[in-house]
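The values are calculated or read from the model by the stated rules, or taken from the named source; none is laboratory data. Predicted model only: the values in this text are computed from it and were never measured. Glycine gets a Cβ as well: all are built from the backbone with ideal geometry, and neighbour counts include every protein chain shown. For accessibility, only protein heavy atoms count, side chains too; no ligands or nucleic acids. Shrake-Rupley method; radii C 1.70, N 1.55, O 1.52, S 1.80 Å.
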Amino acid sequence: MNPFRQLLKSAGGHPPVGTWVMSASPLVAEATGHAGFDWAVLDMEHSPVDMMDVVQMLQALSATKMVPIVRVAWNDAVLVKRVLDAGATTVMFPFVQNADEAARAVAATRYPPQGLRGISTMSRASRFGTLPNYISNANKGMGVIAQLETVQAVRQLEAIASVDGVDGLFIGPSDLSASMGHVGHLTHPAVMDLMSQAVLRCKAIGIPVGTIGGSPEAVAQYRAAGFDFVAVGSDLGLYMQGARAAI
């Protein structure tokens, strides 16, 4: 089974806690994994993380229990192909606006005939060609998380969730608040209300939904709202908080 789906299944009503890895450092990623987080997003969208960084961080995290998710910079099949060949098993797609874009994301993670992922017999994902029947079995182990980051996307929540192969939704409070005219006010009452309503809609159709908060206090609000998986801050954010407190 896909590792992230397995994590959610085994959570037992306790939302798994994750964080963002933005430092592009395999050593920091490994340390973050040993710190006790359940999962982490290796972020290629808003950080200097490139392909070799992804490879090295996935290698580092293989020594920890933390489940990695790779957020690609965009819904681009070529980029997705490369992160999957690097060994990613769950991909987060930013700024998914409708069902068509969600379907395109899923197709990028699947080999034909279910999708359009390019075939390579020599990749880290296949253990360099030594994993028996990798290409035949890979599709069933792939995970897709669609990010809803605008009011328009949230309106399309049910349609996006209904796309076969979408395993979870992720509501990005920063961009969502900006799209509502509340830039920088992630916990504005109107933003929190829309996010809470989105959670109820996800519960009604049975799809996991996650989000991220910049502090444990914000995350506590999201957990109380019923989010199924939550992230707190990032490796750089947590470092800066500790550094500034020390100074």
Inset, instruction - Arrange the residues Thr64, Thr187, Thr89 by how much accessible surface each exposes, largest first, with a 1.4 angstrom probe. - result: Thr187, Thr89, Thr64
Legend entry - Listed residues Val78, Val91, Val151, most fluctuating in the chain (Gaussian network, C-alpha, under 10 Å): Val78
Inset, instruction - Considering only lysines 8 or more places apart in sequence, or on different chains, count the pairs in the chain whose C-alpha atoms sit under 23 Å apart. - result: 5
Inset, instruction - Could you work out how far apart the two model spin labels at Met52 and Asp76 are, taking each label as a point 7 Å from the Cα in the direction of the beta carbon, and quote it in nm? - result: 1.8 nm
Inset, instruction - Collect residues whose amide H, placed 1.01 Å from N in the peptide plane, falls under 5 Å from the amide H of Val209; neighbours closer than 5 in sequence don't count. - result: Leu169, Asp228, Phe229
Inset, instruction - Report, in whole Å, the centroid distance computed from the Cα atoms of segment 71-105 and segment 166-235. - result: 21 Å
Legend entry - Heavy atoms of Phe229 accessible to a 1.4 Å probe, total area in Å² rounded to 10: 0 Å²
Legend entry - Debye, to nearest 20: dipole size of the chain, +1 on Lys, Arg Cβ, -1 on Asp, Glu Cβ: 600 debye
Inset, instruction - Report, to the nearest whole %, how much of the accessible area of the chain belongs to carbon and sulfur atoms, 1.4 Å probe, protein only. - result: 57 percent
Legend entry - Residue of Ala40, Ala88, Ala60 that the Gaussian network model of the chain assigns the largest fluctuation, springs spanning Cα pairs under 10 Å: Ala60
Inset, instruction - Against the globular-protein guess of 2.2 N^0.38 Å, express the Cα radius of gyration of the chain as a ratio, rounded to two decimals. - result: 0.97
Inset, instruction - Give me the accessible area of Leu116, 1.4 Å probe, in Å² rounded to the nearest 10. - result: 100 Å²
Legend entry - Accessible surface, per residue, of segment 23-162 when the full set of protein chains is kept, probe 1.4 Å, Å²: 44 Å²
Inset, instruction - Could you please report the charge total around Asp228, scoring K, R as +1 and D, E as -1 over all other residues with beta-carbon less than 14 angstrom from its beta-carbon? - result: +3
Legend entry - Choice from Pro94, Pro112, Pro15 with maximal GNM fluctuation in the chain (Cα, 10 Å cutoff): Pro112
Legend entry - Arg223 accessible area, assembled protein chains, probe 1.4 Å, Å²: 100 Å²
